[in-house]
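Taking it in order: structure first as structure tokens, then the write-up.
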Amino acid sequence: MARLLREASGQLTDAMAADMGKPAVEAWLTDVAAVRKDVEGIERHLESWASPRRVRVPWPLRPGRAEVVPEPLGAVLVIGPWNYPVRCTVLPLAFALAAGNTVAVKPSELAPATSALLCELLASYVDGAAVATAPGGPEVAQELLSQKWDHIFFTGGARVGRLVMAAAAEHLTPVTLELGGKNPAIVDRTADLERAARRLVWGKFLNAGQTCVAPDYVAVEHTVAAPLLAALVKQVCQMFGNDPRRSTAFGRIVNEDHLARLVALLARTKGRTITGGTSEPVTRYLAPTIVADVDWADPLMEDEIFGPVLPVLAYRTIDELIGRINSRDKPLALYLYSQDAPLVDRVLAATSSGGVCVNHNAVQLAVPGLPFGGVGASGIGAYHGRAGFDTFSHAKAVLRKPQRAELPLMYPPYGRLKRWVLRKAM
């Protein structure tokens, strides 16, 4: 698989460009190079991950040897998404294979060029006895989900995630659901506003905003709202130019339906668009857009946006903001830009999210040792690093006892002496 990602790098980036206008460098960095590095890391650590882990045996059960033995779950189904069609399909496949499973892979039909290429490449590079591909639309997914699997791994939206979980329940199949949510980005008055703006603009408009860990909205302390908005507009211009349509670093919306949904959402907002807002249906282009003066009841705050639209709200107290965040579904990620260490610790303790990144966004995925996954409505289970191997493994508990003679304390009849010894032992 590492060789596939190395030798077919150009083909994969071309396919993603055809599907959603993904910039070549962005596609290579997020979907090819980073995944290849992770796959090589799996190979490097696999022997230690797969080795039995010794567990201490309490003295009443000695002599004896206890260990946790990882074993494959069996047959695994991986259903990939369209927004990162290589990364979010190949990486779970690699972990599932590393754990010793056979895998059926269903790439997303919404990225048809990448889906077809992945199926072709996997047939050439990976043992067909271990991996099967199943291209196609919802009817193929429905047929696959009707089968009995030992594990189902799904990346996508919450609506389809519920259907996957319902289908899995018919066979009591465990699931990993990598979903999304309205990821908040908090900026307080102590933050470096220019640096925060640069990182927010990069994280939000990466893949034209179609990223599950992108900041979905910014909540900024009211005293620094104006300078942050000015810095955000400045960074959009610096990264994508005065006309982002001409930029080679800005992608396109995956299809006409998603573009129409985003345009309709912008038409309903009560906020003030301070940059962007223009669209071009023929090329599926929506400009990187920042909307100011948004309140919590605005249409932009109803559901995950999943596009290049960034609403900015002002807050007065951190307690008020924490209450607002906690009144909503738990997000996949929470971002906090601050140099106030006690405030950072307070937000970490008072909120729940799949992951947190302080003074940056999205880059937490690049740390192999950090598990990546959601909580509550943003997902079930996690992968990356050791967590990825464990997700596709069963931790089998094994105790070995020798057959030589032992003190018969645990066996009836229980006289006074045995009862006294058992009480002391326990």
Practice problem: Quickly run through region 3-13 and pick out the residues that are assigned to a helix (DSSP H, G or I), closer than 14 Å to residue 113 by Cβ and touching a residue at least 24 places away in the same chain (Cβ under 8 Å). | Solution: 11, 12
Quiz prompt | Checklist (1) more than 30 Å from residue 147 (Cβ to Cβ); (2) β-branched (Val, Ile, Thr); (3) more than 24 Å from the chain's Cα centre (by Cα); (4) surrounded by fewer than 15 Cβ atoms within 10 Å (Cβ to Cβ) applied to residue 25, failing item | solution = (3)
Exercise. Looking only at region 291-300, decide whether some residue is on the phi > 0 side of the Ramachandran plot and touching a Leu at 6+ places or on another chain (Cβ under 8 Å).
Key: no
Self-check item: Matching residues in region 203-225 - criterion: being surrounded by fewer than 23 Cβ atoms within 10 Å (Cβ to Cβ) and acidic (Asp, Glu)
Solution: 221
Quiz item: Taking the stated definitions as given, is residue 194 touching a residue at least 24 places away in the same chain (Cβ under 8 Å), under 24 Å from residue 298 (Cα atoms) and over 22 Å from the mean Cα position of the chain (by Cα)?
Solution: no
Exercise. Check region 221-241 and report whether any residue there is within 29 Å of residue 375 (Cα to Cα), outside any helix (DSSP H, G or I) and either under 25 Å from the mean Cα position of the chain (by Cα) or modelled with pLDDT under 95 (or both).
Key: no
Exercise. Can you run down the residue pairs with Cβ atoms below 7 Å, 6 or more apart or on separate chains, where the first is in region 399-424 and in contact (Cβ under 8 Å) with a residue 60 or more places away in the chain and the partner is of a type in the set (Gly, Ala, Ser) and outside any loop (DSSP other than H, G, I, E, B)?
Key: 399/66
Exercise. Return the total of residues in region 398-419 being out of contact with any Gly (no Cβ under 8 Å at 6 or more places or on another chain), of a type in the set (Lys, Arg) and surrounded by 10 or more Cβ atoms within 10 Å (Cβ to Cβ).
Key: 2
Quiz item: In the list 244, 215, which residue meets the criterion of being in the same structural domain as residue 311 (by TED's automatic domain parsing), at pLDDT 95 or above and within 30 Å of residue 390 (Cα to Cα)?
Solution: 215
Quiz item: Only one of (1) in contact (Cβ under 8 Å) with a residue 40 or more places away in the chain; (2) not in a strand (DSSP E or B) is not met by residue 76, so which one is it?
Solution: (2)
Exercise. Could you figure out which of (1) surrounded by fewer than 18 Cβ atoms within 10 Å (Cβ to Cβ); (2) not in a strand (DSSP E or B); (3) not small (Gly, Ala, Ser) isn't true of residue 69?
Key: (2)
Practice problem: Those residues that are aliphatic (A, V, I, L, M), under 23 Å from residue 104 (Cα atoms) and out of contact with any Phe, Trp or Tyr (no Cβ under 7 Å at 6 or more places or on another chain), I need them from region 36-92; list them, please. | Solution: 39, 46, 50, 86, 90, 91
Self-check item: Qualifying position, being within 21 Å of residue 383 (Cα to Cα) and assigned by TED's automatic domain parsing to the domain that holds residue 17, among 151, 171
Solution: 151
Quiz item: Identify, please: which residue in region 28-51 is under 21 Å from residue 125 (Cβ atoms) and more than 20 Å from the chain's Cα centre (by Cα) and is, among those, surrounded by the fewest Cβ atoms within 10 Å (Cβ to Cβ)?
Solution: 44
Practice problem: State which residue is surrounded by the fewest Cβ atoms within 10 Å (Cβ to Cβ) when the search covers only region 267-297 and only residues that are in contact with a Pro (Cβ under 7 Å, 6 or more places away or on another chain) and not in a strand (DSSP E or B). | Solution: 268
Quiz item: Just to be sure, is residue 422 touching a Leu at 6+ places or on another chain (Cβ under 9 Å), loosely packed, with under 15 Cβ neighbours inside 10 Å and either closer than 29 Å to residue 40 by Cα or at pLDDT below 95 (or both)?
Solution: yes
Quiz item: Among the residues of region 327-342, is there at least one that is within 12 Å of residue 182 (Cα to Cα), touching a residue at least 40 places away in the same chain (Cβ under 8 Å) and among the hydroxyl-bearing types (Ser, Thr, Tyr)?
Solution: yes
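The values are calculated or read from the model by the stated rules, or taken from the named source; none is laboratory data. Just so it is clear, the model here is predicted, and its values are computed rather than measured. All Cβ positions, even for glycine, are placed from backbone atoms using ideal geometry, and neighbour counts span all protein chains on display.
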